[in-house]
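Visitor: Quick one: this structure, given as structure tokens, is what I'll be asking you about.
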Amino acid sequence: MYEILQKIIKHPQKVQVDEIALILSKEEINVKLFALADEIRQRYLGKTVYIRGIIEFSNYCKNSCLYCGIRAQNKDISRYRMSVEQIIERARLVSQMGIKTVVLQSGEDTHYSDKIIAQIIEKIKEFKVAITLSIGERDFNEYKLWKEAGADRYLMRHETADEELYSKLHPNDSFRTRVEHLKKLRELGYEVGVGSMVGLPGQDDLSLAKDISFVRDFDADMVGIGPFIPHPSTPLRDAQPGTLTKTLKMIALTRLFLPDTNIPATTALGTIHPLGRQLALKCGANVIMPNFTPAPYRSLYTLYPNKICIFESDTACGECTKELIRSAGYTASDDFGYRRKFYERVTCRF
Ligand code: 5AD
Ligand code: FES
């Protein structure tokens with residue numbers, strides 16, 4: 001197994017999915033894998049952690065992803081939409097805290113037209129921050145308009161690279177379509193973020209290995225990985241959640257394959273384990289995304305149950321994440337946090 005780790009470092013393109021699956025299946029390799037991921041992370045990115053303030057501005061969604069708490073069919077939640085002014089004011093607050101990236105996230109909600117989103121982007125750009133959009137699949141000409149308006153990055157997880165599983169979880173949607181959208185975003189000049197859930201029903205180590213090989217082949221600029229957490233108002237309510245260890249392994253492997261990519265310590269990981277995010281930072285993650293959604297909306301953006309930070313006020317998460325980074329032994333960065341592209345790989349000795 002050590003040979004496989006060595007191969008990942010030296011010849012990542014040559015690694016086969018079954019080799020990745022083997023690493024995922026063996027517990028004995030974990031300590032070595034985690035240490036190596038942190039070593040690579042520190043070699044390429046030092047100890048810095050980038051902070052992104054996230055504003056979840058609408059929980060309306062036209063989709064019906066089987067795992068998601070804000071799926072259109074869920075009648076048990078109250079829906080909200082923030083106004084343009086409210087969104088801009090929140091973004092101002094993020095920038096006033098010295099945070100240089102604003103992430104705008106929502107369900108797939110076409111109530112916000114292409115022009116409204118462009119208008120929001122232009123206004124927020126006045127605060128001199130990087131803007132990440134995370135609002136799902138839209139028309140290609142809309143992506144173009146928003147790029148021109150000043151958006152820098154687009155997050156759209158691939159969710160699972162197991163095509164069959166993707167189809168089961170996303171009625172009327174396909175992995176192929178998702179990849180076409182991701183390619184288009186890249187072509188338009190966005191930094192593109194993908195990512196997946198760990199522990200989905202029907203997902204095995206080979207499926208997870210496909211996620212790793214997908215992010216490698218796509219050369220993703222950002223990779224968000226979190227455990228699946230069953231939501232009581234979805235068809236997957238009785239499924240088992242993803243585990244901390246497997247999620248950390250996925251993060252660590254992603255770091256080995258993409259030494260310079262941006263990997264968040266996700267809120268979902270912080271939800272299944274009190275130290276989930278700190279542990280992620282020690283296993284290769286280098287980004288954290290404090291919640292800046294205002295009350296009363298914050299508690300309504302429930303993709304999964306028991307989400308942390310629901311009762312924290314306004315800026316509490318911004319402060320808390322800085323402390324969290326310190327407590328894990330890393331340094332909060334006040335940089336924009338674009339992907340640092342290293343074209344030459346540093347050879348690792350271990
Ligand atoms: N458990 C964990 N993560 C979820 N997401 C959606 N629903 C769940 C859930 N039940 C993730 C998806 C989505 C991201 C915003 O949240 O991967 O892309
Ligand atoms: Fe929200 Fe710590 S990040 S309370």
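The values are calculated or read from the model by the stated rules, or taken from the named source; none is laboratory data. Here the structure is a predicted model, which means the values were calculated and not measured. As a convention, Cβ positions derive from the backbone with ideal geometry for all residues, glycine included, and neighbour counts pool all protein chains shown.
Visitor: Here are some residues: 60, 67, 50. Which one is part of a loop (DSSP other than H, G, I, E, B), touching a residue at least 24 places away in the same chain (Cβ under 8 Å), within 26 Å of residue 281 (Cβ to Cβ) and among the hydroxyl-bearing types (Ser, Thr, Tyr)?
Guide: Within the list 60, 67, 50, the selection yields 67.
Visitor: Ok, one more. Return the residues of region 71-126 that are in contact with a Pro (Cβ under 8 Å, 6 or more places away or on another chain) and β-branched (Val, Ile, Thr); say none if nothing qualifies.
Guide: 99, the sole residue that qualifies.
Visitor: Then there is this: Would you pick out the residues in region 6-30 that are under 15 Å from residue 251 (Cβ atoms) and either of a type in the set (A, V, I, L, M, F, W, C) or touching a helix residue (DSSP H, G or I) at 6+ places or on another chain (Cβ under 6 Å) (or both)?
Guide: 8, 20, 23, 24, 29 - these are the residues of region 6-30 that are under 15 Å from residue 251 (Cβ atoms) and either of a type in the set (A, V, I, L, M, F, W, C) or touching a helix residue (DSSP H, G or I) at 6+ places or on another chain (Cβ under 6 Å) (or both).
Visitor: Just for region 215-243: of the residues that are touching a strand residue (DSSP E or B) at 6+ places or on another chain (Cβ under 7 Å) and outside any loop (DSSP other than H, G, I, E, B), which one is surrounded by the fewest Cβ atoms within 10 Å (Cβ to Cβ)?
Guide: The selected residue is 218.
Visitor: What are the pairs with Cβ atoms under 7 angstrom where one residue, in region 154-165, is within 16 Å of ligand 2 (Cβ to nearest atom) and the other, located anywhere, is at pLDDT below 95 and hydroxyl-bearing (Ser, Thr, Tyr)? Sequence gap at least six, or different chains.
Guide: Within 7 Å, no pair qualifies.
Visitor: Let me ask another. Go through (1) in contact with a Leu (Cβ under 9 Å, 6 or more places away or on another chain); (2) touching a residue at least 40 places away in the same chain (Cβ under 8 Å); (3) under 26 Å from residue 45 (Cα atoms) and name the single condition residue 230 misses.
Guide: Going through the list (1) in contact with a Leu (Cβ under 9 Å, 6 or more places away or on another chain); (2) touching a residue at least 40 places away in the same chain (Cβ under 8 Å); (3) under 26 Å from residue 45 (Cα atoms), residue 230 breaks only (3).
Visitor: For region 325-350, give me the residue count where each residue is at pLDDT 95 or above and touching a helix residue (DSSP H, G or I) at 6+ places or on another chain (Cβ under 6 Å).
Guide: 3
Visitor: Right, another one. Give the residue, chosen from 168, 128, 147, 123, that is outside any loop (DSSP other than H, G, I, E, B), of a type in the set (Lys, Arg) and surrounded by fewer than 16 Cβ atoms within 10 Å (Cβ to Cβ).
Guide: 168
Visitor: Please go through region 244-253 and give me each residue that is touching a strand residue (DSSP E or B) at 6+ places or on another chain (Cβ under 8 Å) and either of a type in the set (A, V, I, L, M, F, W, C) or surrounded by fewer than 24 Cβ atoms within 10 Å (Cβ to Cβ) (or both), ordered by number.
Guide: 244, 246, 250, 251
Visitor: Identify, please: which residue in region 174-201 is closer than 28 Å to residue 276 by Cα, free of Cβ contacts under 8 Å to residues at least 60 places away in the same chain and among the small types (Gly, Ala, Ser) and is, among those, surrounded by the most Cβ atoms within 10 Å (Cβ to Cβ)?
Guide: 196
Visitor: Another question about this same structure. Given the options 303, 256, 281, name the one that is within 30 Å of residue 75 (Cα to Cα), surrounded by 18 or more Cβ atoms within 10 Å (Cβ to Cβ) and in contact (Cβ under 8 Å) with a residue 24 or more places away in the chain.
Guide: Only one candidate qualifies: 303.
Visitor: Next question, about the same structure. Can you pull out the residues in region 297-315 that are modelled with pLDDT under 95 and more than 15 Å from residue 226 (Cβ to Cβ)?
Guide: Within region 297-315, 310, 311, 312, 313, 314, 315 meet the criteria.
Visitor: Give the number of residues within region 266-278 that are surrounded by fewer than 24 Cβ atoms within 10 Å (Cβ to Cβ) and touching a Lys or Arg at 6+ places or on another chain (Cβ under 7 Å).
Guide: Here the count works out to 3.
Visitor: Now a separate question. Can you name every residue in region 175-200 that is more than 14 Å from residue 155 (Cβ to Cβ) and in a helix (DSSP H, G or I)?
Guide: Across region 175-200, the qualifying residues are 175, 176, 177, 179, 180, 183, 184, 187.
Visitor: Limited to region 201-214, what total is found for residues that are out of contact with any Ser or Thr (no Cβ under 6 Å at 6 or more places or on another chain) and either within 12 Å of ligand 1 (Cβ to nearest atom) or assigned to a helix (DSSP H, G or I) (or both)?
Guide: Going through region 201-214 one residue at a time, the tally reaches 9.
Visitor: Just to be sure I understand, how many residues within region 63-94 are in contact with a Ser or Thr (Cβ under 8 Å, 6 or more places away or on another chain), within 12 Å of ligand 1 (Cβ to nearest atom) and not β-branched (Val, Ile, Thr)?
Guide: 6
Visitor: Shifting gears a bit: Sort out which residues of region 311-324 are hydrophobic (A, V, I, L, M, F, W, C), within 8 Å of ligand 2 (Cβ to nearest atom) and either touching a helix residue (DSSP H, G or I) at 6+ places or on another chain (Cβ under 9 Å) or outside any helix (DSSP H, G or I) (or both), and write them in order of number.
Guide: 324
Visitor: Go through the residues of region 95-111 one by one and say whether even a single one is surrounded by fewer than 16 Cβ atoms within 10 Å (Cβ to Cβ), in a helix (DSSP H, G or I) and out of contact with any Ser or Thr (no Cβ under 7 Å at 6 or more places or on another chain).
Guide: Checked against the condition, which is being surrounded by fewer than 16 Cβ atoms within 10 Å (Cβ to Cβ), in a helix (DSSP H, G or I) and out of contact with any Ser or Thr (no Cβ under 7 Å at 6 or more places or on another chain), region 95-111 yields at least one hit.
Visitor: Within region 157-174, does at least one residue satisfy the condition of being on the phi > 0 side of the Ramachandran plot and within 16 Å of ligand 1 (Cβ to nearest atom)?
Guide: yes
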